[in-house]
Amino acid sequence: MNQLRTTRPYRALSLAATAAVVLVTGAVTVPASASAGVSPSSAAAGPAAECRLPAAVDGLGSGFPVDEQALPATGTLKAALLYVDFEDHPAPAGSLDEAGANLASGVEYLERVSGGRLDVETTSSDGWVRMPEPSTSYPFDRGLSYEDHVRYIGDAIAAADATFDFSDVDVVWVTATKEAPDITYSPTTNFLDVTADGNHLTHAVTFGFDQWRWGGLVLAHESGHTLGLPDLYLFEAPPDDPGNWHAAVGGWDLMGLISGAGPEYLAWHRWQLGWLEDAQVVCAEPRRATSALLRPVAGSGTAAPWQDAMVVYRLSETRAVVVENRQPVGYDAGIGTSGALVYTVDTSVPSGEGPVRVVDSTPGSADGLDDAPFAPGSSWTEPTSGAVLTFRPGPANTLGVTMTP
Ligand SMILES: [Zn+2]
């Protein structure tokens, strides 16, 4: 996979190993001149405010607020879905429905996981739109640059413009016919800079051939970037664990591994996006024990504000330990190990470098991070602070957590 190398607003990189193509997806293309600054943290008050770690990197990251270039994650997101084909790879008659159906589950994911806070309104092109250039003129497999990506998106918009109204569009989705293998993968840009029907379009995702491997959740992953979330897989595998691009979070979040067993967004990300209420966040006190009863993350979007979704223990200005309850419900239905998922968040670490790292309750086990959650009845000591987290079974599928500093 060839990805654009840039330094701002965050770094993407070239993955030399072709094996990575089947392990990770997407990339975010940005202009070299982009330099989104870090906004001051929001001035929210209340018990959770102390745990709202301020963003400490430019661009996509895990801090508050999300990148200023992100689209709002609540309210209505108006998407233009353009189906494109090419003179060298025309779309077969009758293939439009299949292409639409493949992405539909991604829209459903966003609406469900947000608990209805995000409403996606999709308007599709009237059939396949013929691109002006053959598919091979867009170098997806030869190091797609930001400029190449914008040219591709701009061509799609221009080709559709005669019959499509872009005047009220927030994000452009371009999906290529399955017949075009040269449109290999599915990058995102938050810096489009194309005007159509008087509307300055800034956000786009283009879906390539890899969507047929990932399914519609690729749309939800890429939309995560549109909304400001970072990649949680590692752009470079650890030197002592070569080839393991998933050493940070395994399959415990859609921004880490689309095909993972537990692709529910982490509670921390939901909080970043405004999909959790502050009242659902238990910010542990630094000098006395804190207890919480956590509902499964999968249902947190529609839970009552008094139903706890996570415990956060702040370690520094940019680091915190988070505990959430993962159970085999919702998009987590396929997880093999349930219980307390513990991870650290570091808002000074950029996208793709491990801003979130899951703590493995069974280090060295053959299952990697798949069996990372701590079982009720166990405990864990945070190594830098000495704080002890203990986990106990709660009623139904809830999880009791006590943090003792
Ligand atoms: Zn990504």
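Observations
- Taking 0.36 nm per residue of separation and subtracting the current Cα-Cα distance, fully stretching the chain between residue 212 and residue 97 would add 40.0 nm.
- Count Lys and Arg as plus one, Asp and Glu as minus one, and take only other residues whose Cβ is under 12 Å from that of residue 327; the net charge is then -1.
- Here the sum of -39500 (n - 2.57) over DSSP H runs of 4 or more residues, divided by the residues of the chain, equals -4000 deg cm²/dmol at 222 nm, to the nearest 500.
- Along the axis of the charge dipole computed for the chain (Cβ charges of +1 for Lys and Arg, -1 for Asp and Glu, origin at the Cα centre), the listed residues 220, 339, 59 are led at the positive end by 339.
- Environment charge at residue 232 (Cβ cut-off 11 Å; Lys +1, Arg +1, Asp -1, Glu -1): -2
- Only Lys, Arg (+1) and Asp, Glu (-1) charged, at Cβ; segment 271-405 dipole about Cα centre in debye: 380 debye
- Length gained when the stretch residue 78-residue 199 is fully extended (0.36 nm per residue, less Cα-Cα span): 42.3 nm
- Whole-Å distance, taken between Cα centres, linking segment 173-213 and segment 274-349: 33 Å
- Placing +1 on each Lys and Arg Cβ and -1 on each Asp and Glu Cβ, with no other charges, gives the chain a dipole about its Cα centre of roughly 1380 debye.
- Charge context of residue 55, other residues only, Cβ under 14 angstrom, K/R +1, D/E -1: -3
- Net length gained if the chain between residue 32 and residue 88 were fully extended (0.36 nm per residue, minus Cα distance): 17.0 nm
- Judged by the mean number of other Cβ atoms found within 10 Å, the most tightly packed of the peptides 337-345, 286-294 leads the ranking 337-345, 286-294.
- Largest-first principal axis extents, alpha carbons of segment 187-316, Å: 54, 46, 29
- Rounded, prolate or oblate (a/c below 1.5 giving rounded, otherwise prolate when a/b exceeds b/c) for segment 276-404 by Cα gyration tensor: rounded
- Each eigenvalue of the Cα gyration tensor of the chain, multiplied by 5 and square-rooted, gives one semi-axis; in descending order these are 37, 21, 20 Å.
- Take each peptide in 227-234, 197-204, 273-280, count the other Cβ atoms within 10 Å of every residue, and average; sorted highest first, the result is 227-234, 273-280, 197-204.
- Taking label points 7 Å from Cα along the Cα-to-Cβ direction, residue 151 and residue 259 give a separation of 3.2 nm.
- On the basis of the beta-carbon distance and an R0 of 51 Å, residue 288 and residue 365 show a calculated FRET efficiency of 0.90.
No lab work stands behind these numbers, since they all come straight from the coordinates. None of the values given here were measured: they were computed from a predicted structure. Here Cβ is always computed from backbone atoms with ideal geometry, including for glycine, and neighbour counts include all displayed protein chains.
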